[in-house]
1. Roughly how many debye, to the nearest 20, is the charge dipole of chain A about its Cα centre, given +1 on each Lys and Arg Cβ, -1 on each Asp and Glu Cβ, and no other charges?
2. Which peptide among A:424-433, A:335-344 comes first, and what is the full order, when sorted by highest mean count of other Cβ atoms within 10 Å?
3. Could you work out the Rg to Rh ratio of segment A:7-108, with Rh taken as the Kirkwood radius (inverse of the mean 1/r over all Cα pairs)?
4. Just to be sure I understand the curve: with the Debye formula and one point per C-alpha of segment A:146-216, what is log10 I(q)/I(0) at q = 0.15, 0.16 Å⁻¹?
5. Starting from the Kirkwood radius over alpha-carbon pairs of segment A:289-390, derive D by Stokes-Einstein at 20 °C in a medium of 1.002 mPa s and give it in µm² s⁻¹.
6. If R0 is 45 Å, what FRET efficiency do you get for residue B:207 and residue B:39 from their C-beta distance, rounded to 0.05?
7. Per DSSP helix of 4 or more residues, -39500 (n - 2.57); summed, then divided by the residues of chain A. What does that give at 222 nm, rounded to the nearest 500?
8. Let me know the mean shielding of A:96-102 by other chains, meaning the per-residue number of their Cβ atoms within 10 Å of its Cβ.
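Every number in this text was worked out from the coordinates using simple rules, so none of it is lab data. All figures in this text were calculated on a predicted structure; none of them were measured in a lab. Because the Cβ atoms are built from the backbone with ideal geometry, glycine has one as well, and the counts that use them run over all protein chains shown.
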Amino acid sequence: MSGTGHKVLIANRGEIAMRVMRACVGLGLDFVCVHTPEDVHSGHVRLARELGGEGAVYRIHSYLDANELFAVADAAKATAVHPGYGFFAEDFRFARRVVRRDRPMEFIGPSWWVIRDLGDKINTKRIARSLDVPTVPGSDRPVYSEMEADEIAASLFEFQATQGIIDGVIMVKASAGGGGMGIEEVGSFDEFRSVFRRIRNYAKRNFGDEGVLIEQRIFDFNHLEVQVVSERGGRNHVHFGTRNCSIQSTGKQKRVEVAPGFAPGVVPYTFDAARTLADITDYSLAMAREAGYDNVGTWEWIVTPRGEPFLMEVNTRIQVENGVSAVISRVKGQPVDIITEQIRLALGQSLGYSQEDIAFEGVGIEYRIVAENTDNRFTPCAGTVTRLSWQEHDWLRVFTQVPPDAPYDIPMEYDPNLALAIVWGTDLDEAKARGLRFLDELVLEGTVSGREGAFYTNIRYLAGMTGEILEF
Amino acid sequence: MLNIKELLDTVKASPYREIVIHAPHTGVVEFTGLKAGDRVHGRFGEYKEKPGTLLGHLTREKNKKPIHAPEKGEVGMIRTELEGKFVEAGEPLVTIKHFLTRQEVIELVLQKALYLFRAPERAKYYFVPEVDQKLKVSGKRSVKVREGMELMIVSRMKRETPLSYSGPEGIIYSVYFGRGDNVDEGEPLIGVCPEDQLSVIQDVVARIQSEWEEE
């Protein structure tokens, strides 16, 4: 392939770093990985040593220090950078630096101008509207002006009313806030202005920035995604189906993802679910063509109880849940790995197939295994995993950075995901039954401050939610 | 009862602290020619605005970052074999034998005298905005704490939860963590002085001020 001879710097951690490493090995590419002191015992460091030797591992201070990553790239003579997800994955300035520095490299993701254009939510909405793609109302950026805030709030209440929601609620939150601070819900337009002023003052006082976000409080909507894959040059685009990511923690963190996004004919819907899936897929591809999209990406949608889709945003990167789309996809009858596709397309290979060559088989469910107390606002545990084990099956794949043979201190600096499990079944019932079987066989034990009773997992929660998969 | 003399004698028996300067990030290291036994100084100036002795530079992606001595002392070990080489983050570069300052001794002794409110778990800690504001404007000893008072925000894994104070009522006398620092479980967060012991604590401070001679 044209990418042969490349050496990929994997600028990420944990399971995504491990999946990228394996994809590199599969493509015959060298790689180098990085880790922070907190991640010294992460499985990605161990796997890098196994697959690439001692020289494939560099200790850095932070995954968010671009200069440091470039210094490692130079020291290791890397020729391409894979940002994974999070960190620099959607930072167009980083992507631009990769390709424009004195010793340029390939950026394994969309071109920097594509990330810039679709990362700007106003621009994304402009492209969407030009193609008659419906977009979700709400503030695209921090709002400072009272008049603008009033207009947005009015449009949100109006939108909810058109969706048949009688007691509509919107959220007003400090743009710079976090952890639930500076957030209030507003149930009517009459209350809105005083809440807006209060939150704006709070934001100014506590965060030094009085920007406020005004969003929908989403109760009854489903969250769907379309997985798009595009060739460099932005001419050939295909999709790898839809995903449903509606099962989320209270902190809006996804916990279960399912592909395809609905099960028409199996689960009863009050709308034409097949039509909705076709619409969001068509809309996503139309936007990809219009924007000259040129790598993997995800179009995120909310679907109302009436089956109407509205575009939320475009994620210009590989997603955590890419594997659940891959598990139901076949290209010319063969399995596909979307990370492998991402790398080889970014390094200049042609797609080599069209939408007609892609077929979908069965149902995939991805579970995110997390040490967290689901009964207490999904509070994560900063403890030690003493055992993580599961039964192997040909319908199951588990990705984890937790070492199988040693205690693992969960770093508190990063996302609390411990493992991803992807289950496949010929139909929804089989996938759910296999999912429950996997969760039943899964063992996740640990301690917090040496105490076993203080270690919580979300396994029971995941099993409970399995019954509700794809139901609206 | 606090035995200040005994505590001071313990500190005097070992009045040094070894400071290890690590590479703060990856990069190519260059030293400035210092050798073992050389004297260095820490930040100085009326507002501590002037940096300490230049120990070396670390360059990554054309950014040359100076590495200064954080405290005064004597150079113990210097890794001259790394001169001009690429080092990983955290690599030890220089050690400094530092003679404890009067303020450091006060803090050491006070840790024995104050009530220490400790970190319940490994995390980053922040004061709640009202307390933070008061500490910034009026100083540490302006904040009175009491059992059950919401005092801090515990931040870990992108989640923040409130933390209430537990312990005797008193004023915050010492703060042992910095903004953005990771604090291990059991490490002290603040030292609290019950109001009825304020005079004892002030005596401790006064005594160290007069008895401890800085180098």
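1. Rounded to the nearest 20 debye, it is 1160 debye.
2. Going by the mean number of other Cβ atoms within 10 Å, highest first, we get A:335-344, A:424-433.
3. Numbers: Rg = 12.1 Å, Rh = 13.2 Å.
Answer for segment A:7-108: 0.92.
4. -0.45, -0.50
5. Estimated via Stokes-Einstein, D reaches 125 µm²/s.
6. Once rounded, the FRET efficiency stands at 0.95.
7. It comes out at -10000 deg cm²/dmol, rounded to the nearest 500.
8. Per residue, the number of nearby Cβ atoms from other chains is 1 on average.
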